[in-house]
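Report on one structure; see the data block that follows.
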Amino acid sequence: MKDHVELRSGAYADSVTLLQVSRAVQATPGVVAAQVAMATGLNLEVLEGMGFDIPASSPNDMVVALRLDDAADVATALAAVDTALAPTRPSAGDTTIAPPRTTASALRRTGSGAVALVSVPGASATVEAMDALEAGHDVMIFSDNVPVAEEVALKQYAASRGALVMGPDCGTAVIDGVGLGFANTVRPGRIGLVAASGTGCQQLLALLHHAGATYEGVGVRHALGVGGRDLSAAVGGTSTREALRRLDADADVDLVVVVSKPPAPEVAEALAADAEALGTPVELGLLGRGQRDLTAVAEAVLARLGHEAPEWPVAGADNTGEATGPLLRGLFVGGTLCDESMLMATEALGPIRSNIPLSDELALGDDLLVDDHTMVDFGDDALTQGRAHPMIDPTLRNEQLARAAADPSTGVILLDLVLGHGAEPDPAALLAPAIQAARKDRAIPVVVSLVGTDLDPQGLTAQRDALVAAGAEVHLSNASATRRALQLVEGAQR
Amino acid sequence: MIPVAAPIRVQARLAAAADGPRPVLHASATAVYVDLDGWCVGLVSASATRVPCALWSTLPDIAHLAGRPVVVSDGTLAIGDEVVRIGRVVDPRATVVGRHGIPRSEPGILMTSGLDLPEDGRLTADHVATLVGRGPGLTPLGDDVLAGWLATRAALGRPDAAVTDAVRHRLGATTLLSATLLDCAIRGEVLPQLGAWLADPTATSADALLAVGATSGAGLLTGARLAIRSTTQDAWRAA
Amino acid sequence: MTEIVTVGATTPTVVTCGADMFAESVEGQAVEVERVDWRPPMPGTEADLAAVATDPRRPEANRKAVEAMLGVTAHLVDVAPASEVLGLERGQFLHAGPPIEWERASGPLRGALMGGAALEGLVDDPEDAVALFESGSSVSLEPCHHRSAVGPMAGVVTPSMWMWVLEDRATGRRTYCSLNEGLGKVLRYGAYNDEVLTRLRWMGDVLGPLLQAAVRGTEEATDVTGILTQMLQMGDEAHNRNRAGTLMLLRDLSPAMVSSLEKGSFDAKDVADVLRFVGGNDHFFLNLAMPACKLALDAGRDVPGSTMVVAMARNGTDFGIQVSGTGNQWFTGPAQVAEGLFLGDYGPDDANPDIGDSAITETAGIGGFAMATAPAIVRLVGGTVPDALATTRRMHEITLAENPRWSVPVLEFQGTPTGIDVTKVCRTGILPQINTGMAGAVAGVGQVGAGLVTPPAEIFPKALAALAAQAGADRSL
């Protein structure tokens, strides 16, 4: 064991650097102990405590004190001191700006006017949404499973700040042409939508976009989702009211359409009064028993704007022969589309069994295929537990499609396919082979409502052609597709 | 793939265009303009002015596209091997005109002082003849004044048939980009800064408009003010 | 107020929080996207987070707490013995951190208490104090925080110790802190040998009275908050680096110290000793930075519904926090051992867990939170300058405000991250970053190193649960 002590006058480094230097030198092979420090009283005491013998010095001297193995080389250890004292090179690029960890933090980085889109698990959605509202921004909450009490609290707070809460469980919104969630690319027109239903909203977007190819100004400028519970008694239509106010204030909106299930009676009354007070006319498109279907709502909108309803496009009608059995099988990804078809089918065929039944006794159990007319919504919460929405992952529906096809009593298969932002890049490529396989043994009529626009990323025409080539008959209107399917089933029953 | 927002008519023109190459009129770090069958269509970067005849991207700059061939295929523009995908369609028409007061004593805009513009703002076919194509650059100053005037009259719902016709007849006298922007202006299609000033004429929105291009913003603002004055004079006379 | 923008006058921006496919689809529409790097919150906190988020009192309560905190200016108004200004009586001991009894006290706290007992003459030999504290008869322990005071490291205050007195003139509210002894073998690090006691006696006999004369003789009371503003622009973060602050304090007090010679209470040697002592102790100003921070934070206390942390403090065994909306309740967990560099032969095994009220600086938005302005400090853990910048930026993720008075030049003069939000800590899992000294684990050893430390994570969910329970109780009224 040997000690080496040297004083370096004129050398200076701050104590923190020197602590680090000492640690680095200590790690050098052969070094038993090392202390590099300015020769202050305190440091000299520490050095003496370590057993070093320090020559007379001033506090402006740097002391290098090394204790080495007998075999170790002093020069090597001193080289390690010099290396450790050399300034570190600055690292390239600014690695110090990390992405924001909360919605509040993200909104501090954007300007005013930004919209927040929250799709975290429902248990955490309220917290993120509050960030947006507190900062005075609108928020769309795609997440479901948000407790209704939290929805009420969010919306009451938003109302106090003049902000808009779209959701929870809001699948679709279009704000100034920007589609959020599952939304279609549309030509902006002079219609504003307020929608408590995602796929219902998408159906109207698609139909009005189609009509807009013929009629100038027909098209949706904004589609503001409000979430399926907004018009319930508990929530009281807070977001619907704010959405109406916004659309009314927009000079570029000539007509407002509200799409929702029938509201709670007291909410309906208040809504009617609110709508009446607006300067902009409001078309109430309520969905449910005894109400118009979505296509009829679109047609009423066109009529109000002075236009005749166009012929809603159908392709592949030649593919369809007679029903191959007595039963109708509806397999849907869109909840509102399933509802709409079920309402129409109930009138024509009687009760329909479903996982989202019109009345409790019609509920399906675990088996989604029973010896009765059935309609299944694969987007329902119970069927999306632990898997992606069927607009993204069609596996489950394709399996049921094969089962339905194998059932000899299946007469007609009714499907929907929804295009737009957020959906699969090429959903027809996944559905077409399943349709083809379903029709391999028997030419079961497969009627598809294909909800989308020619501007959607997937391309309406290409998707339609792929489905037609697989043997399907493709409608833009879900009501029209349903009517066609019912006509075929009724034909078989006669 | 370059995602863009497309003004309605740009999308429609591209959708209707036949497949094939198109000549590049102008390419810089912020914009590429091509001749799409007699109408100028551009691709602009995030920092460029969002003119109503261009596809609006969020790319900070598009210098790497300069010199690449431009091809239309199935309604989509491809520049070199980059496909320009329309992800959103926007309506560039100005429809809202805010409270502009009576603009009698506004400070003059230096650049347009030599253009011999009418005090009452009422442009005629004679003015059009002297303005179209007047000035240097891709969008001559005279055209900017006319574009500001035409777009503002359209936004006010008071288009002027005589001036519009005169402009249409002289579109060949200026650059294709400028002619296209005049065509847009006739329909009330504007760049966002003009739309914002028309909707809400504040010092901030005026400054933002004046900052467009070298002289374009000044020309547009001059034209827009003339158009507003021309209709205000009408109102006075009627009263 | 947000309104739908007409005619794309501004380019819309979308903030996405959750599934990335939605961010991608917005980008595909040529719209700017700011993605939140969202991760699940601390386990089991979801329901409490939602309850607190929707507590209607919270936004306004936090605004109020932040405003009150930012509105305080701390002036140095006096120096006086703890017996006078705190009413501390013989046998009463203040200590750092949340409440603790002798049985659970750590080595350095025990060492400091033993030294304190000898200083007060309760025992002759510090070692004899062990029996005294074990019996607990004529002695009592109480947190500094319970008496409007703060103490660095062990934070032991006895009646004869002289205290800085800081005042918020708008409200008359005051806070207190002992005088800094310097580095090395000092009482606050748990050392209690003769050298320590001799120095403490000199501090009581000369330093305290002379500082009192200086403070009372200085016409314009020193604006401690203002010095903090300046020192943050001079490379100090005011927790582990107080060099500029110390010198500015000397600049303010020296004239009056010299003038006090005329009054005959002190001689030239006293003044020279004091100037040398203060000038030779780079940490001297820490004991003013701390009560200034406490004064500001105390103004933010007791706002019902506020989720702002108003104190972080450690006693060497427990780390505790207090929150504005939950009054004087402490939420505690085990104090952690700092990571850093060690003096001499000392290593991690020699270090005591985190100790001291000095984390009040981080609570107020300086210290570790202002690391970007004092890059030298980051080397305590072998870090780099970018680490320092990243640390300050990261702290903005868990704070409610930026302090406009305390700005960081290298970050374009952005204010330091101020007002720790319990909910944001639980949401992000980002823990407050504290710069600290390390005391030896054994009583009597003194300082063994310095480094960086964080609170134990579990105390934040505990505080959150209390806030959630209150929110629920308030709603059911």
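Quick test of your reading of the structure: C:PRO456 fulfils all but one of (1) under 28 Å from C:GLY226 (Cβ atoms); (2) of a type outside the set (Gly, Ala, Ser); (3) away from chain A (no Cβ under 14 Å). Name the failing condition by number.
All conditions are met except number (1).
Please report, ordered by residue number, the strands (runs of 3 or more DSSP E) entirely within segment A:219-334 with at least 3 residues that are over 30 Å from A:ILE444 (Cβ atoms) and modelled with pLDDT of 95 or more.
A:220-225, A:255-260
Out of C:GLN433, C:GLN414, C:GLN447, report the one residue that is free of Cβ contacts under 8 Å to residues at least 24 places away in the same chain, under 28 Å from C:LEU228 (Cα atoms) and not acidic (Asp, Glu).
Being free of Cβ contacts under 8 Å to residues at least 24 places away in the same chain, under 28 Å from C:LEU228 (Cα atoms) and not acidic (Asp, Glu) holds for just one of C:GLN433, C:GLN414, C:GLN447, which is C:GLN414.
Out of all the residues in segment B:77-100, which are surrounded by fewer than 16 Cβ atoms within 10 Å (Cβ to Cβ) and either at negative phi or in contact (Cβ under 8 Å) with a residue 60 or more places away in the chain (or both)?
B:ASP81, B:VAL83, B:GLY98, B:ARG99 - these are the residues of segment B:77-100 that are surrounded by fewer than 16 Cβ atoms within 10 Å (Cβ to Cβ) and either at negative phi or in contact (Cβ under 8 Å) with a residue 60 or more places away in the chain (or both).
If a residue has to be away from chain C (no Cβ under 14 Å) and touching a residue at least 60 places away in the same chain (Cβ under 8 Å) to count, how many in segment A:217-229 make the cut?
Qualifying residue count for the region: 5.
Return the total of residues in segment B:36-91 being hydrophobic (A, V, I, L, M, F, W, C) and in a strand (DSSP E or B).
Counting residues in segment B:36-91 that are hydrophobic (A, V, I, L, M, F, W, C) and in a strand (DSSP E or B) gives 20.
Residues that are in contact (Cβ under 8 Å) with a residue 12 or more places away in the chain and of a type in the set (D, E, K, R): which helices (runs of 4 or more DSSP H) entirely in segment C:300-406 hold 1 or more of them?
In segment C:300-406, C:360-364, C:385-395 are the helices (runs of 4 or more DSSP H) which contain 1 or more residues that are in contact (Cβ under 8 Å) with a residue 12 or more places away in the chain and of a type in the set (D, E, K, R).
Among the residues of segment A:127-142, are any part of a loop (DSSP other than H, G, I, E, B), within 21 Å of A:ASP380 (Cβ to Cβ) and not basic (Lys, Arg)?
yes
I'd like the full set of residues that are in a strand (DSSP E or B) and surrounded by fewer than 18 Cβ atoms within 10 Å (Cβ to Cβ), limited to segment A:16-70.
Listed by number, the list holds a single entry, A:VAL32.
Rundown of residues vs (1) within 25 Å of A:THR172 (Cβ to Cβ); (2) without any contact (Cβ under 8 Å) to a residue 12 or more places away in the chain; (3) touching a helix residue (DSSP H, G or I) at 6+ places or on another chain (Cβ under 9 Å), yes/no style:
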position: A:GLN436; (1), (2), (3): no, no, yes
position: A:ARG439; (1), (2), (3): no, no, yes
position: A:VAL446; (1), (2), (3): no, no, yes
position: A:PRO457; (1), (2), (3): yes, no, yes
position: A:GLY471; (1), (2), (3): no, no, yes
position: A:LEU476; (1), (2), (3): yes, no, yes
position: A:ALA479; (1), (2), (3): yes, no, yes
position: A:ARG484; (1), (2), (3): no, no, yes
position: A:GLN487; (1), (2), (3): no, yes, yes
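Would you confirm, using the coordinates I've provided, whether A:PRO100 is modelled with pLDDT of 90 or more, in a loop (DSSP other than H, G, I, E, B) and under 30 Å from C:VAL385 (Cβ atoms)?
Spelling it out, A:PRO100 is indeed modelled with pLDDT of 90 or more, in a loop (DSSP other than H, G, I, E, B) and under 30 Å from C:VAL385 (Cβ atoms).
Could you list, in sequence order, all residues of segment A:384-415 that are more than 14 Å from chain C (Cβ to nearest Cβ), among the hydrophobic types (A, V, I, L, M, F, W, C) and not in a helix (DSSP H, G or I)?
Answer for segment A:384-415, where residues must be more than 14 Å from chain C (Cβ to nearest Cβ), among the hydrophobic types (A, V, I, L, M, F, W, C) and not in a helix (DSSP H, G or I): A:VAL412, A:ILE413, A:LEU414, A:LEU415.
Can you tell me which residue within segment C:415-435, out of those that are touching an Asp or Glu at 6+ places or on another chain (Cβ under 6 Å) and in a strand (DSSP E or B), is surrounded by the fewest Cβ atoms within 10 Å (Cβ to Cβ)?
Filtering first and then ranking leaves C:GLY415.
Where in segment C:37-97 are the helices (runs of 4 or more DSSP H), entirely inside, with at least 2 residues that are surrounded by 23 or more Cβ atoms within 10 Å (Cβ to Cβ)?
Answer list for segment C:37-97: C:46-53, C:58-70.
Condition test on C:ALA465, is it part of a helix (DSSP H, G or I), under 23 Å from A:SER105 (Cα atoms) and over 20 Å from the mean Cα position of the chain (by Cα)?
no
Is it true that some residue in segment A:114-121 is over 30 Å from A:THR28 (Cα atoms) and either in contact with a Lys or Arg (Cβ under 6 Å, 6 or more places away or on another chain) or not aliphatic (A, V, I, L, M) (or both)?
Yes, there is a match, as at least one residue in segment A:114-121 is over 30 Å from A:THR28 (Cα atoms) and either in contact with a Lys or Arg (Cβ under 6 Å, 6 or more places away or on another chain) or not aliphatic (A, V, I, L, M) (or both).
Give segment A:414-431 a look and list any residue that's of a type outside the set (Gly, Ala, Ser) and buried (at least 24 other Cβ atoms within 10 Å of the Cβ), or say none.
A:LEU414, A:LEU415, A:ASP416, A:LEU417, A:VAL418, A:LEU419, A:HIS421, A:LEU431
This table checks each residue for (1) among the small types (Gly, Ala, Ser); (2) closer than 30 Å to C:TRP162 by Cβ; (3) within 14 Å of chain A (Cβ to nearest Cβ).
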{"residue": "C:ASP20", "(1), (2), (3)": "no, no, yes"}
{"residue": "C:ALA23", "(1), (2), (3)": "yes, no, yes"}
{"residue": "C:GLU34", "(1), (2), (3)": "no, no, yes"}
{"residue": "C:ASP37", "(1), (2), (3)": "no, no, yes"}
{"residue": "C:ALA47", "(1), (2), (3)": "yes, no, yes"}
{"residue": "C:VAL52", "(1), (2), (3)": "no, no, yes"}
{"residue": "C:ALA80", "(1), (2), (3)": "yes, yes, no"}
{"residue": "C:GLY97", "(1), (2), (3)": "yes, yes, no"}
{"residue": "C:GLY107", "(1), (2), (3)": "yes, yes, no"}
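Take A:VAL418 and decide whether it is among the hydrophobic types (A, V, I, L, M, F, W, C), in contact with a Gly (Cβ under 8 Å, 6 or more places away or on another chain) and away from chain C (no Cβ under 14 Å).
no
Can you tell me which residue among B:LEU59, B:LEU36, B:LEU25 is farther than 23 Å from B:SER178 by Cβ and not acidic (Asp, Glu)?
Criteria check complete, one pass: B:LEU59.
Here's a check for you: in segment C:171-208, which residue that is among the hydrophobic types (A, V, I, L, M, F, W, C) and within 14 Å of another protein chain (Cβ to nearest Cβ) is farthest from the chain's Cα centre (by Cα)?
Restricting to residues being among the hydrophobic types (A, V, I, L, M, F, W, C) and within 14 Å of another protein chain (Cβ to nearest Cβ), the top hit is C:VAL196.
Restricting the search to segment C:266-282, which residues are in contact (Cβ under 8 Å) with a residue 24 or more places away in the chain and of a type in the set (A, V, I, L, M, F, W, C)?
Answer for segment C:266-282, where residues must be in contact (Cβ under 8 Å) with a residue 24 or more places away in the chain and of a type in the set (A, V, I, L, M, F, W, C): C:PHE266, C:VAL271, C:VAL274, C:LEU275, C:PHE277, C:VAL278.
Of everything in segment B:151-179 that's out of contact with any Cys (no Cβ under 7 Å at 6 or more places or on another chain), among the hydrophobic types (A, V, I, L, M, F, W, C) and within 21 Å of B:ALA214 (Cβ to Cβ), which residue is surrounded by the most Cβ atoms within 10 Å (Cβ to Cβ)?
Checking each candidate, the answer is B:ALA151.
Name the residue, out of B:THR130, B:THR164, that is under 23 Å from B:VAL97 (Cα atoms), among the polar types (S, T, N, Q) and in a helix (DSSP H, G or I).
None of the others qualify; the one that does is B:THR164.
Which residue, of C:ALA370, C:ALA338, C:ALA376, is surrounded by 22 or more Cβ atoms within 10 Å (Cβ to Cβ), under 30 Å from A:MET50 (Cβ atoms) and in contact with an Asp or Glu (Cβ under 7 Å, 6 or more places away or on another chain)?
Residue meeting the stated conditions: C:ALA338.
With respect to A:LEU180, is the statement that it is away from chain C (no Cβ under 11 Å), in contact (Cβ under 8 Å) with a residue 24 or more places away in the chain, crowded, with 24+ Cβ neighbours inside 10 Å and not in a helix (DSSP H, G or I) true?
Answer is no for this residue.
The values are calculated or read from the model by the stated rules, or taken from the named source; none is laboratory data. Because the structure is predicted, anything quoted here is derived from the model rather than measured. Neighbour counts run over all protein chains shown; Cβ positions are idealised from the backbone, glycine included.
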